[in-house]
Amino acid sequence: MYSEKVMDHFQNPRNVGEIENASGVGTVGNAKCGDIMRMYLDIDDNGIIQDCKFKTFGCGAAVATSSMATELVKGKTIQQALEVTNKAVMEALDGLPPVKVHCSLLAEEAIHAALWDYAEKNHIKIEGLSKPKNDISEGEEEDEY
Ligand code: FES
């Protein structure tokens, strides 16, 4: 049912963890399955994503897609990171079963939410980025989950 790449990223997820004083943090969730994904971005003065880490409390596909998404955005510009859509993540993983497509959407939304946070912190506007729908980070400053 899952490709080898999905299994690999599920069993050996890359870039798990947090970034202290991250340039942007985005937390998104899917109300139906209850899974939650948080992305941390470290963006330098030239707008290059130097580092990206994630924490995912969710299904195996959510772990695999967030792992792949971090790999795809690392070293990229903000504009290039916006092109890392759920489709791009799925393609990089050699596909996902249809019932798991929403998991990859969470990865895309988490990147967007982290970029949105970065833009807000720096009072800038990122062309082509709109406010993430599923950002659930508000009022969660002291959360631990
Ligand atoms: Fe919800 Fe995978 S089942 S993110």
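Each reported figure results from applying straightforward, stated rules to the coordinates on display, with no laboratory input. Quick caveat: nothing in here was measured; it's all calculated off a predicted structure. A quick note on method: Cβ atoms are made from the backbone with ideal geometry, for glycine too, and the neighbour counts reach across all protein chains shown.
Once the C-beta distance of Lys121 and Glu83 is scaled by a Förster radius of 22 Å, the resulting FRET efficiency is 0.50 to the nearest 0.05. Counted by neighbouring Cβ atoms within 10 Å, the residues Tyr2, Tyr40 run from fewest to most as Tyr2, Tyr40. Shape class for the chain: prolate, because the ratio a/c of the largest to smallest gyration tensor axis (alpha-carbon atoms, square roots of eigenvalues) is 1.5 or more and a/b beats b/c. Membrane-span-like helices in the chain (whole DSSP H runs, Cα extent of at least 30 Å along the helix axis, mean Kyte-Doolittle hydropathy of at least -0.5): 101-121. For Lys100, a cut-off of 23 angstrom between C-alpha atoms picks up these lysines, skipping any fewer than 8 places away in its own chain: Lys5, Lys32, Lys53, Lys55, Lys87, Lys133.
Bins of 5 Å, beginning at zero and ending with the bin holding the largest distance: percent of Cα pairs per bin for the range 1-50, please. Going from the shortest bin to the longest, the percentages are 5, 16, 17, 18, 22, 14, 7, 2, 0. Sorting the segments 18-31, 53-66, 114-127 by their residues' average number of neighbouring beta-carbon atoms within 10 angstrom, most packed first, yields 53-66, 18-31, 114-127. Each Cα pair under 8 Å and six or more residues apart adds its separation to the average, and for the chain the resulting relative contact order is 29 percent. Extending 7 Å from Cα along the Cβ direction at Asp8 and again at Asp94 yields two label points whose distance is 0.8 nm. Restricting to bridges with both residues inside the chain, how much of the DSSP beta-bridge set is antiparallel, in percent to the nearest 5? Of those bridges, close to 95 percent are antiparallel.
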